[in-house]
Amino acid sequence: MLHRILLGLAAAALVAGLVLLVAGRGGFGSHRTAGRATLQPRRPAEVAAEATRQGAAAAVAGAPAEKQILFGDLHAHTTFSLDAFYMSLPLATGEGAHPPADACDFARFCSALDFWSINDHAEGLTPAQWQETIDSIRQCNAVGQDPAHPDTVAFLGWEWTQAGAVPEQHWGHKNVVLADLDPDHVPARPIASGRYPTPPLWRRGTAALAMGGPFHDLARLQSEIADTPECRSGVPERELPRDCIEVAATPAELFAKLDDWGFDSIVIPHGTAWGAYTPQGSTWDKQLVGASHDEARQTLLEIYSGHGNSEELRDFGVERDADGAPACPEPRPGFLPTCWRAGEIILERCRAEGAPAPDCEARAAETRRLAARAGAYPHMTVPGTRFDEWLDAGQCRDCFQPAFNYRPGGSAQYILALSSFETPRPRHFRFGLIASSDSHFARPGTGYKELGRIGMTDSMARGGAPSAPAAEAPAQPRAWDPKRELRGLDLAAVQIERVSSYLYTGGLVAVHASGRDRRSIWDALQRREVYGTSGPRILLWFELLNAPGGGSAPMGAEVALAETPRLRVRAVGSLEQLPGCPDDATSALGPERLARLCKNECYHPSDARRKIARIEVVRIRPQQRADEAVTGLVEDPWRRFECPPDPAGCTVEFEDPEFTSSGRDALYYARAIEEPKPLVNGVGIRVEDGRVLACPGPDGAQDDCLAPAEPRAWSSPIWVDVAAPAALAP
């Protein structure tokens, strides 16, 4: 009898092990495909009506008519990105799979974009997914009618996603966008910064069996990633097999591999001031050195996205002690350092224990020291905290819709003020400025209406009251070394509740293009004749009026001038939106798909325009020597012009009389700022009388956290260098 029982137990264990093995391999799940885009085209009348409205507005503003302004989004993820897959799961309040075909339909019918690109994370893209992405983007273009006048142009691309534990190892995230789609101009593989770690097989199987449903699909995807080998290093691109994951650990390696392919591409850094993964004290200085920057490819910078604004330079950050180690700065009126707040939390706990005051002060000081050295994760040095205990620590209080845990050393203004002196002629970043959505739900161009915090932003926090304090929250800090302790996706490290107050509906890139076709859009991107908006389709023109040789030079231009620069900004507000969706979107998608994908709200313009409240001009004069402080080189705003409340827009002209006498190169860019309106997460984390006003509140997912703020557009700079003196005649 005992023998039979043991045999039965052994057989049961064997069966359980086999089931666990099959589940871990994704045997009970399915491979998620790219889907099929809707074949019905947008009505030509809708596209033509938009061009007519824009042309009329440009004529009233006196703007040139030879180029049309087209709006797009060059940063969109689908659930082919592994993090987007996680976010789609019920455990993360997700709404299920959103494959590449959804992004195509959303761009064409929900947001009515003129162009967009797909940018799934290369680190988790399998060879099969890459080929399916290519096929899906080709299909999206094929249904767009006449290639010379398409309803939407879809570009192929991916995201190179890197994060270092310490500033010296951190390079950040960059989108690669490809010009062409024909087989002879598409890389066989995207290029990743590394490999996403996947859980061991037994853990994948346990999770799939316990959670069921889409977790079986996740196990299958994780197995496909784990089974794909890494490409051999040092081998020319075309000699590598198609079915491997290619890795470039640094920007220099990425640029070299793109050069090896030789295809026309643009590399766009983004999230440069976003502190959710950027270590404290990170700056962009090292990215201007040697092969870490590619002037030919890295020509655009994402200044704003659904993950926040990275524009503004501030003087807060991590300080250094006598040994050069990170040290915690003291609070100031506009900024509460997270490391300082960490010390205050431990101090409060220590006092509650009744410990002697000197002992509590010593613990607080040690907490601040540890937190300053914890990279992007100073909060991990204090165990057992609630999100509201951190108040608004680490946030830029006076920035427009700032990135979470703002890192000013990665702000666009800091980047544009930098110079490198490793060569006789100083080297600079000369980025055109764009904005995007960074949507992880296959929704490019989400910012057309301020609604749907869950789904139209990347928020995963449903809200409700803060959790109760930990029963035995320790009054001692712990050392937390991100190089040793951070493994994969750690939601405690990411601070989902706090980050969700700094996620927005997202921005757009606008191009001044000679036509609607792919090549015209690409040429405008390469000329940097582009600007970004925080979501609304603001019309913006910025030009140097006295360019060398006569005539004017548009945004994105570089000139050398020996006289006073004269500049002009024209801006016209975006169109007020009607509720619901236009007929072509309703008929193409049908009621169920319209509700799931567009949430029954589409880009649906009226004929009424919002007012431009003011125009601001920023002047930056880049470093002339390596030890020159960057903070004194950014003048924001340098000029400020209040605009009359006129729906026809606002035009201003101005000069820089200091240019010729200063002997300094300068760059100028303009902000066109609309009148305030309620925006999703309009004010971020709110603190009153030392208490956090949590958002969302009791309504949870129904609360869009609306608060008044000022939508805006950022022009690309115009660079005006000091012209060399003319040679004297003999």
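Since every read-out is calculated from the coordinates, none of them should be taken as a lab result. Worth saying up front: this structure is predicted, and the values here are computed from it rather than measured. Every residue, glycine among them, receives a Cβ derived from its backbone with ideal geometry; neighbour counts consider all protein chains shown.
Dividing the helix sum by the residues of the chain, where each DSSP H run of 4 or more adds -39500 (n - 2.57), gives a mean residue ellipticity at 222 nm of -7500 deg cm²/dmol.
Taking label points 7 Å from Cα along the Cα-to-Cβ direction, ALA595 and GLN702 give a separation of 1.7 nm.
Computed from point charges on the beta carbon alone (+1 for Lys and Arg, -1 for Asp and Glu), the dipole magnitude for the chain about its Cα centre is near 920 Debye. The slack in the chain from ASP607 to ARG397, taken as 0.36 nm per residue of separation less the alpha-carbon distance, amounts to 72.1 nm.
Taking the mean number of other Cβ atoms within 10 Å as a proxy for protection, how do you rank 360-370, 196-206, 270-280 from highest to lowest? Don't skip to the end; give the middle numbers.
Values: 360-370: 19.6, 196-206: 17.5, 270-280: 25.5.
For the peptides 360-370, 196-206, 270-280, the packing ranking is 270-280, 360-370, 196-206.
Sorted ascending by nearby beta carbons within 10 Å, beginning with the fewest, ASP438, ASP704, ASP359 become ASP359, ASP704, ASP438.
Relative to one another, the C-alpha centroids of segment 362-383 and segment 183-257 are positioned 34 Å apart. For the pair segment 605-629 and segment 660-681, the centres of their Cα atoms are 1 angstrom apart. Peptides 528-538, 48-58, ordered by how many other C-beta atoms sit within 10 Å of their residues on average, highest first, read 528-538, 48-58. Using R0 = 41 Å, the C-beta based FRET efficiency linking GLU628 and ASP264 works out to 0.70. A protection proxy built from the mean count of other Cβ atoms within 10 Å ranks the segments 95-102, 341-348, most packed first, as 341-348, 95-102.
Phi-derived couplings, Karplus 6.51 cos²θ - 1.76 cosθ + 1.60 at θ = phi - 60°, listed residue by residue for segment 66-80: 6, 10, 9, 8, 10, 10, x, 9, 9, 7, 9, 10, 10, 6, 6 Hz, with x used for Gly and Pro. Add +1 for every Lys or Arg and -1 for every Asp or Glu among the other residues with Cβ under 14 Å from the Cβ of GLU558, and state the total. Value of the local net charge: 0.
Couplings 3J(HN,Hα) of segment 156-161, computed from phi: 8, x, 7, 10, 8, 10 Hz, in residue order, whole Hz [Karplus 6.51 cos²θ - 1.76 cosθ + 1.60, θ = phi - 60°; x for Gly and Pro]. Here ASP315 and VAL559 are evaluated by their C-beta separation; at R0 = 35 Å the FRET efficiency comes out at 0.65.
May I ask you to sort PHE106, PHE255 by Cβ crowding, counting other Cβ atoms within 10 Å and putting the fewest first?
Details: PHE106 28, PHE255 22.
In increasing order of surrounding Cβ atoms, one gets PHE255, PHE106.
Each Cα pair under 8 Å and six or more residues apart adds its sequence gap; the mean of these over the residue count of segment 600-730 is a relative contact order of 27 percent. Between LEU2 and GLU353, the simple spin-label model (points 7 angstrom out along Cα→Cβ) gives 5.3 nm. Normalised by the number of residues in the chain, the average gap of Cα pairs under 8 Å and 6 or more apart makes the relative contact order 15 percent. Cα centroids of segment 570-596 and segment 69-121: 17 Å apart. Can you give the relative contact order of segment 261-351 as a percent, counting alpha carbon pairs under 8 Å and 6+ residues apart? Taking the mean separation of contacting Cα pairs over the length of segment 261-351, I get 25 percent. Straight-line cross-link partners of LYS67 among the aspartates and glutamates, defined as a Cα under 15 Å from its Cα and at least 8 positions apart when in the same chain: GLU50, ASP114, ASP517, ASP523, GLU529, GLU543.
Site pair ASP523 and THR33 shows an inter-label distance of 3.9 nm when each label is modelled 7 Å from Cα along Cα→Cβ.
Remark: the SER662-ASP294 segment gains 129.5 nm on full extension, using 0.36 nm per residue and subtracting the alpha carbon distance. Among HIS293, HIS149, a tally of other beta-carbon atoms within 10 Å of each Cβ gives an order, fewest to most, of HIS149, HIS293.
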